[in-house]
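Take a look at the structure set out below.
The values are calculated or read from the model by the stated rules, or taken from the named source; none is laboratory data. Nothing here was measured: the structure is a model prediction, and the numbers come from that model. Virtual Cβ from ideal backbone geometry, glycine too; neighbours counted across all protein chains shown.
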Amino acid sequence: MRYIIIFLLFTQTIFSQKTISGTILSKETSTSLSGVFVRDTKTENWTISDKDGNFTITLPYFQDIELNFSILGKKEINQSLKDGQNSITVYLEDNTLHLKEVMVTANKERKYSELTLGTNAINNVQAFSLDDVLQQLPGQKTADFTLNEYKNIVFRTASDGNSSKGSKAFGTSFVINDIPISNNENMQALSPNTPTLAGNDYGIRNKVFNNPNVGVDLREIPTNTIEEIKVIQGIPSAKYGDLTSGLVLITTKVGNSPYRVSASIRDATSELNLTKGIKLDSRNSMNFGINYLDSKADPRDNLLNYQRISGSFAWKTTDKLSKIKNTLNLSVRSNLDDAKHDPDNITADVVKNEKQGFSISNNLMWKPSNIWLDGININSGFSYDRQFSRKERWINRSLTAATDSKEEGIHEAFVIPSQYTSMSTVEGIPISTFVNLETTKTLTTTTNWVHSISFGLSGRSSSNKGEGRKSSATGLINFYVLAEGGDSKLGYRDYDFNRTRTETQFSGYLEDRVYKKFEKDKILNIDYGIRYENQSGNVSLQPRINSSYSLNKTFRVRGGFGLSSKAPSLNQLYTGERYLDRLLGSGIYSYPGVYQKAWILTVVSPGDNLNLKPSKSLKTEGGIDIDLPFANINLTGYYNKLTNGFTGQQVPVSKEIPQANVITNGTEIPTYEIVGTAKLYYLTNSIQNNTNSEDMGIETIINFRKIKALNLDVSMNASYVKTNDNSKSINYYASTNLLSAEKYGVFPSMPTTNENFTASFNFSYHIPKAGLLLSLRSEHTILRTSYIPTSEFPNGYLDATLTYHEIPQEERSDLQKYGHIIRTIKGTQTKLEDVLHNFHLRISKDFLNGFSVSFYSTNFLNLKPYYDKDNLRTMYDIANFSFGTRLNYQF
């Protein structure tokens with residue numbers, strides 16, 4: 001690679017340049033527009049229009065120049081220049097429904113397979129959070145409306161189970177203004193080593209509030225300040241790391257804009273927004289935004305409530321020569337899940353899940369006056385949150401005991417009353433930092449190959465400085481106590497998050513974006529690069545390439561390949577030691593009015609999973625774009641493979657423990673004496689890199705030409721995906737015969753196969769002069785299957801010392817010999833009986849006085865498809881009927 005760059009620099013480079021000048025005007029008023037960002041689409045070279053709307057940009061090539069013009073409040077456009085043209089006048093239109101063309105669906109970029117959602121596409125659904133917007137993408141579906149549980153997303157998969165889907169969602173990266181949002185520091189779980197979803201610790205009524213290990217909670221991202229969303233479901237640029245499943249790039253609003261006030265209501269959810277952009281002078285502008293949301297699961301009882309308050313501030317400044325552009329962003333946030341006491345259920349859980357924090361980031365773009373470098377970009381960010389989760393429940397059970405000792409051995413136990421209030425809390429203070437330094441250089445060879453080369457270095461850190469996991473009620477450890485009858489049970493202990501260390505990632509990347517026009521309409525684009533990733537000592541090299549070739553005006557072919565990785569979270573790495581508690585003797589010794597006495601033998605085994613490695617992803621895709629007189633068709637096929645995914649695993653452990661006899665004598669307080677030692681064998685939990693998954697599928701997007709006579713735009717997308725999830729985890733099932741030599745049957749995890757085939761149509765009736773838009777979006781689930789094969793007979797067994805013994809293949813089905821450990825689990829196969837349909841409606845009207853109103857309805861036909869299962873009539877999980885409205889006023 002080094003010799004290629006030297007070769008390009010010194011033997012083939014043309015240092016002659018072309019200067020383009022122009023003026024940018026408002027189409028409505030013909031007044032000049034200052035602060036317009038002008039970008040060359042091939043080289044990412046940029047400039048900014050001055051106070052008179054004039055700009056000058058110097059490019060290292062001469063032909064096929066295309067410039068992008070963008071400013072807040074105006075429709076972004078690309079403008080091509082004819083060969084030999086050196087100046088241009090550009091008119092930008094207000095981005096309202098009075099535009100001649102309004103794009104309300106995801107727009108596929110011409111280059112590769114990325115999708116872009118602009119302002120009108122964001123407004124096409126009544127979006128209370130980012131999750132609502134992303135449901136429009138191919139392969140996604142509109143879910144039942146609720147904000148009373150966490151929301152995440154994963155692309156191009158049919159995985160349905162919590163474990164596999166959550167692991168993939170954890171690998172979906174969200175980047176706001178080139179600063180990644182990190183969930184690696186989230187440790188809000190009471191029992192992180194359990195193989196189930198960790199956030200279940202603080203869930204209630206089938207709702208889950210916390211989201212450690214399963215990706216970013218999209219409820220926390222409002223849409224009021226978002227200008228554009230770009231989704232890369234395929235191969236990301238080498239610039240982006242710590243991901244396996246997909247990349248979402250979010251650009252927020254910055255620049256001069258009027259006051260904009262909006263109010264939304266839907267079911268028992270209401271939202272208020274206020275945004276304003278202030279132009280201080282031709283080189284400085286500021287923006288601020290405030291968002292408030294309140295959502296109740298059921299307005300009749302107000303027992304489950306989610307609240308979100310967020311504020312944002314942005315300051316953009318440029319120098320006189322348009323050589324420096326700096327944007328400072330600050331955001332503050334507060335989120336609360338509040339599950340109140342149900343007066344009809346005395347044992348019902350009471351849960352509060354709080355999060356308050358702030359983020360600050362800075363984006364610096366500098367064009368030095370140096371022929372060897374075109375640009376230097378420095379992006380940095382810092383995020384701080386305080387998370388507090390609290391769960392309270394009323395306990396009514398037989399007398400039991402517990403201990404809070406963290407030392408191995410025999411300890412006097414707390415005798416816990418049969419009725420008490422149990423309380424558990426987790427306080428986390430996740431802190432993340434990020435910095436990226438990038439340099440760019442564009443070179444043009446003697447044969448008109450354009451190379452835009454970028455080199456970057458980045459670093460990020462993840463830490464959590466909270467007080468950690470705690471349990472309290474009269475000073476006792478009570479959330480996890482011994483099972484009735486004195487059986488052994490994994491015990492709970494407080495865990496201070498300050499015991500965790502700061503995890504770091506260091507990366508470097510080199511990428512070359514190649515453009516070459518061979519003949520008329522025959523254009524080659526190749527983005528290839530390599531990324532070096534050091535994730536807490538785990539080093540990998542990740543080559544990535546995207547390419548496209550236009551055969552003519554009608555056909556373009558595409559292809560790509562890439563490797564990426566996702567580091568484990570702090571919650572997966574630092575889980576604390578595991579404690580096994582056993583009551584001595586016959587349990588609790590009691591003499592009424594004299595004493596209550598009990599001892600617990602505590603066994604400690606290591607708990608942290610510091611041997612976890614990053615999960616890895618291989619992505620490949622190919623596609624074709626067809627530009628026909630009546631439609632633009634994009635077809636993409638892909639194959640993605642995830643390895644080293646994170647999942648729970650039981651682990652056999654053996655310990656030598658003391659044996660003790662309890663001595664009782666009437667009213668005298670009992671004592672105990674050690675009489676020897678014995679071996680203890682038990683199973684504990686860990687998190688391991690045991691998940692593998694394959695996703696293969698095909699998706700298409702078709703945008704038909706506008707039917708001008710009807711003012712009608714029609715588009716569709718369709719997605720078919722087949723997923724094979726295969727865990728390498730081992731399952732242990734206890735023998736039904738306590739006297740047998742075989743204590744546990746050993747079974748492999750069974751693979752799961754899922755298929756989904758969905759399609760969606762969008763019909764938009766638009767009258768520009770009236771500012772009226774009617775949009776009908778339909779969703780169709782054509783195929784949905786799930787297959788889990790019947791679990792075979794055990795591969796082996798564990799004996800009394802938990803030593804594994806393999807069973808010969810021919811003996812595994814021997815019921816007489818191994819019937820007590822055989823657990824032939826019946827497989828399941830589900831298949832969609834009928835095609836599912838759903839229809840969603842939007843009606844929007846922009847008035848010339850700055851007022852606008854939108855009406856939204858999900859499943860406005862109130863469809864309720866049913867199927868028969870186990871002699872019960874059950875409704876399919878399509879979004880139920882729901883409607884709402886949004887009012888906007890700008891001044």
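Every residue, every condition in (1) charged (D, E, K, R); (2) at pLDDT 90 or above, yes or no:
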| site | (1), (2) |
| --- | --- |
| Thr758 | no, yes |
| Phe763 | no, yes |
| Ile767 | no, no |
| Gly771 | no, no |
| Arg777 | yes, yes |
| Pro794 | no, yes |
Quiz item: Here are Gly311, Gly289: which of them is surrounded by fewer than 21 Cβ atoms within 10 Å (Cβ to Cβ), part of a strand (DSSP E or B), of a type in the set (Gly, Ala, Ser) and assigned by TED's automatic domain parsing to the domain that holds Phe506?
Solution: Gly311
Quiz item: Out of Ser882, Ser844, which single residue is within 25 Å of Ser257 (Cα to Cα) and either surrounded by 14 or more Cβ atoms within 10 Å (Cβ to Cβ) or within 29 Å of the chain's Cα centre (by Cα) (or both)?
Solution: Ser844
Practice problem: Could you please tell me which pairs satisfy a Cβ distance under 7 Å, a separation of 6+ or placement on different chains, a first residue in region 713-730 that is surrounded by fewer than 22 Cβ atoms within 10 Å (Cβ to Cβ), and a second residue that is among the aliphatic types (A, V, I, L, M) and assigned to a strand (DSSP E or B)? | Solution: Ser715/Ile702; Met716/Ile702; Met716/Ala759; Ala718/Ala759; Tyr720/Ile698; Lys722/Met696; Ile730/Val746
Self-check item: Scan of region 253-277 for residues that are aliphatic (A, V, I, L, M) and modelled with pLDDT under 90, ordered by number
Solution: Val254
Practice problem: Give the residues of region 667-686 that are exposed (fewer than 12 other Cβ atoms within 10 Å of the Cβ), under 18 Å from Ser590 (Cα atoms) and without any contact (Cβ under 8 Å) to a residue 60 or more places away in the chain, sorted by residue number. | Solution: Glu668
Exercise. Tell me the strands (runs of 3 or more DSSP E) entirely within region 771-886 that contain at least 2 residues that are closer than 30 Å to Ile265 by Cβ.
Key: 772-788, 836-846, 851-858
Quiz item: Take the residues of region 254-271 that are part of a strand (DSSP E or B) and buried (at least 19 other Cβ atoms within 10 Å of the Cβ): which is farthest from the chain's Cα centre (by Cα)?
Solution: Arg260
Practice problem: Would you be able to say whether some residue in region 133-150 is of a type outside the set (Lys, Arg), assigned by TED's automatic domain parsing to the domain that holds Pro614 and modelled with pLDDT under 85? | Solution: no
Quiz item: What number of residues within region 703-741 are among the β-branched types (Val, Ile, Thr) and closer than 19 Å to Phe155 by Cα?
Solution: 2
Quiz item: Has region 671-683 got at least one residue that is assigned to a strand (DSSP E or B), out of contact with any His (no Cβ under 7 Å at 6 or more places or on another chain), closer than 30 Å to Asp725 by Cα and of a type outside the set (Phe, Trp, Tyr)?
Solution: yes
Self-check item: Within region 406-442, tally of residues that are touching a Pro at 6+ places or on another chain (Cβ under 7 Å) and either within 20 Å of Pro60 (Cα to Cα) or without any contact (Cβ under 8 Å) to a residue 60 or more places away in the chain (or both)
Solution: 1
Quiz item: Taking region 417-462, which residues are small (Gly, Ala, Ser) and assigned to a strand (DSSP E or B)?
Solution: Ser422, Ser424, Gly428, Ser432, Ser452, Ser454, Gly456, Ser458, Gly459, Ser461, Ser462
Quiz prompt | Members of region 328-371 found to be among the β-branched types (Val, Ile, Thr) and assigned to a loop (DSSP other than H, G, I, E, B), listed by number | solution = Ile346, Thr347, Ile371
Quiz item: Counting just the residues of region 330-381 that are crowded, with 18+ Cβ neighbours inside 10 Å and among the β-branched types (Val, Ile, Thr), which one comes out farthest from Asn291 (Cα to Cα)?
Solution: Val350
Exercise. Only strands (runs of 3 or more DSSP E) wholly contained in region 571-654 count here; list those with 2 or more residues that are in contact with a Lys or Arg (Cβ under 8 Å, 6 or more places away or on another chain).
Key: 578-583, 589-591, 599-605, 615-627
Exercise. Residue by residue through region 708-736, note down the ones that are in a loop (DSSP other than H, G, I, E, B) and either within 14 Å of Pro794 (Cβ to Cβ) or β-branched (Val, Ile, Thr) (or both).
Key: Ser735, Thr736
Exercise. Considering each residue of region 110-124, count those that are touching a Ser or Thr at 6+ places or on another chain (Cβ under 8 Å) and within 20 Å of Ser778 (Cα to Cα), and give that number.
Key: 4
